[in-house]
1. Of everything in the range 121-131, what is more than 16 Å from residue 149 (Cα to Cα) and touching a residue at least 24 places away in the same chain (Cβ under 8 Å)? Give them in sequence order.
2. Conditions: (1) aliphatic (A, V, I, L, M); (2) within 22 Å of residue 166 (Cα to Cα); (3) within 18 Å of the chain's Cα centre (by Cα). Residue 129 meets all but one. Number of the miss?
3. Are there any pairs with C-beta distances below 8 angstrom linking a residue in the range 180-198 that is in a loop (DSSP other than H, G, I, E, B) to a residue that is among the small types (Gly, Ala, Ser), with the two at least 6 apart or on different chains, and if so which?
4. State all residues of the range 21-71 that are in contact with a helix residue (DSSP H, G or I) (Cβ under 9 Å, 6 or more places away or on another chain) and hydroxyl-bearing (Ser, Thr, Tyr); if no residue qualifies, say none.
5. With respect to residue 78, is the statement that it is touching a residue at least 24 places away in the same chain (Cβ under 8 Å) and either out of contact with any Asp or Glu (no Cβ under 7 Å at 6 or more places or on another chain) or not assigned by TED's automatic domain parsing to the domain that holds residue 126 (or both) true?
6. Of everything in the range 77-93, what is more than 16 Å from residue 127 (Cβ to Cβ), open to solvent by less than 20 Å² (accessible area, probe 1.4 Å) and either in contact with a strand residue (DSSP E or B) (Cβ under 6 Å, 6 or more places away or on another chain) or modelled with pLDDT of 95 or more (or both)? Give them in sequence order.
7. Just wondering, is there one or more residues in the range 113-120 that are in contact with a Leu (Cβ under 7 Å, 6 or more places away or on another chain) and in contact (Cβ under 8 Å) with a residue 60 or more places away in the chain?
8. Restricting to the range 92-121, name every residue that is assigned to a strand (DSSP E or B) and within 14 Å of the ligand (Cβ to nearest atom).
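The values are calculated or read from the model by the stated rules, or taken from the named source; none is laboratory data. Nothing here was measured: the structure is a model prediction, and the numbers come from that model. Reconstructed Cβ throughout: ideal geometry from the backbone, glycine too, with neighbour counts over all protein chains shown. All accessible areas refer to the heavy atoms of the entire protein, side chains included, with ligands and DNA or RNA removed. Shrake-Rupley method; radii C 1.70, N 1.55, O 1.52, S 1.80 Å.
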Amino acid sequence: MAVADPIARLVKELAKLPGIGEKTAQRLAFHILKAGPGYAGDLAAAVTGVVRDVRLCSTCQTLTDQDPCAICRDPDRDARTICVVEGVPDLLAVERTHEFRGRYHVLHGALSPLDGVGPSDLKIRELLVRLEREPADEIVVATNPDVEGEATALYLTKLLKPMGLKVTRIAQGVPMGGDLEYADQVTLARALAGRREL
Ligand SMILES: [Zn+2]
């Protein structure tokens, strides 16, 4: 069945989204069409707005529409304990545990020599600059418990320990090869509480 060009175009764009196959993209496109111009306008504005208004927090590198972000601005959060995570979804996962009252630093990835991801591809330099400006006592490394996450934790430890910082790693409550983002709240809270010094 041939569809009109504008529909085909929308289906093509939707199918580029992660987890969206051709069939789902088609279903979404027909849904948008059926929902009418009001919804389509809101959706288009939201998509445009997210790209226009969201940027990186200059302190912790999380995604924010206000710089510094809400967590970096919060005076009740302990600025001397910084939890380092690979991505924003991991930050959100740690936040959901309600167990961490420090601040964050988002690396936007993990070291992966095989994929050509080196230290300069992550927000590590930004972390060092930040630590010079705002000294910390403890760095909690909460990278994923997989090969890349462990390599990143090791790299950070070698870098930060000589600076006199206490570097800790979240406990192995999170299954090896698992993703922090998908760990349940209780497991992740336990992993945080059971962190050990590196
Ligand atoms: Zn921030």
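1. Residues of the range 121-131 more than 16 Å from residue 149 (Cα to Cα): 125-131.
Of everything in the range 121-131, those that are more than 16 Å from residue 149 (Cα to Cα) and touching a residue at least 24 places away in the same chain (Cβ under 8 Å) turn out to be 126, 127, 128, 130, 131.
2. (3)
3. 183/93; 183/173; 183/191; 194/171; 194/173; 195/171; 198/153
4. 24, 39, 58, 59, 62, 64
5. Details: touching a residue at least 24 places away in the same chain (Cβ under 8 Å): yes; either out of contact with any Asp or Glu (no Cβ under 7 Å at 6 or more places or on another chain) or not assigned by TED's automatic domain parsing to the domain that holds residue 126 (or both): yes.
Considered against the rule, which asks whether it is touching a residue at least 24 places away in the same chain (Cβ under 8 Å) and either out of contact with any Asp or Glu (no Cβ under 7 Å at 6 or more places or on another chain) or not assigned by TED's automatic domain parsing to the domain that holds residue 126 (or both), residue 78 comes out as yes.
6. So the first thing to find is which residues in the range 77-93 are more than 16 Å from residue 127 (Cβ to Cβ), and the list is 77-78, 89, 92-93.
Restricting the remaining residues to those that are open to solvent by less than 20 Å² (accessible area, probe 1.4 Å) gives 77, 93.
77, the sole residue that qualifies.
7. No, there is no match, as no residue in the range 113-120 is in contact with a Leu (Cβ under 7 Å, 6 or more places away or on another chain) and in contact (Cβ under 8 Å) with a residue 60 or more places away in the chain.
8. Here is the first cut: in the range 92-121, the ones assigned to a strand (DSSP E or B) are 102-106, 112, 117.
Matches in the range 92-121: 102, 103, 104, 105, 106.
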